[in-house]
Amino acid sequence: GHAERVHSICWDANGDYLASVSEDSVRVWSLASGGQCIHELSSNGNKFHSCIFHPAYPTLLVIGGYQVTVFTPFFLGYSAYVGYSKYEWAVSK
């Protein structure tokens, strides 16, 4: 599980995945794999606070943070960060 307190959870539109958010990380859990964590993304100090699966793109998880918004197509293994102060994209793999 998470090392920090969980702030938010959300289900994908099909009910196959659950995402949980704490300040330090986001985890995606699969019901098909018995509730196993299938993806984890560290906040790298950005303090995450909320999440929602995109309604039109079910594998796109949008994560809100205090300083950044993250768009992560979790099956592809990368994330795009949008910083509020700089308005720039940074892609990490």
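In sequence order, region 19-30 has phi-based couplings of 10, 10, 10, 10, 4, 9, 6, 10, 10, 10, 10, 10 Hz under the Karplus curve 6.51 cos²θ - 1.76 cosθ + 1.60, θ = phi - 60°, and Gly or Pro positions carry x.
Karplus-derived 3J(HN,Hα) values for region 46-58, using 6.51 cos²θ - 1.76 cosθ + 1.60 with θ = phi - 60°, are 7, 6, 5, 9, 8, 8, 7, 7, 5, x, 8, 10, x Hz; glycine and proline are entered as x. What does the net charge come to around Q36 if you take all other residues with beta carbon closer than 13 Å to its beta carbon, with K and R at +1 and D and E at -1? Summing Lys and Arg as +1 and Asp and Glu as -1 gives -1.
Which trypsin sites (Lys or Arg not before Pro) from region 1-57 combine a DSSP loop assignment with at most 11 other Cβ atoms within 10 Å? Mind dumping the intermediate values first?
Numbers: sites: R5, R27, K47; in loops: R5, K47.
Of the trypsin sites (Lys or Arg not before Pro), the ones in loops of region 1-57 whose Cβ has at most 11 other Cβ atoms within 10 Å are R5.
Modelled spin-label separation between D16 and I38, with each label point placed 7 Å from Cα along the Cα-to-Cβ direction: 0.6 nm.
A short reminder: the numbers here are calculations on the coordinates, not readings from a lab. Keep in mind it's a predicted model, so treat the numbers as computed, not measured. Positions of Cβ are backbone-derived with ideal geometry, glycine not excepted, and every protein chain shown enters the neighbour counts.
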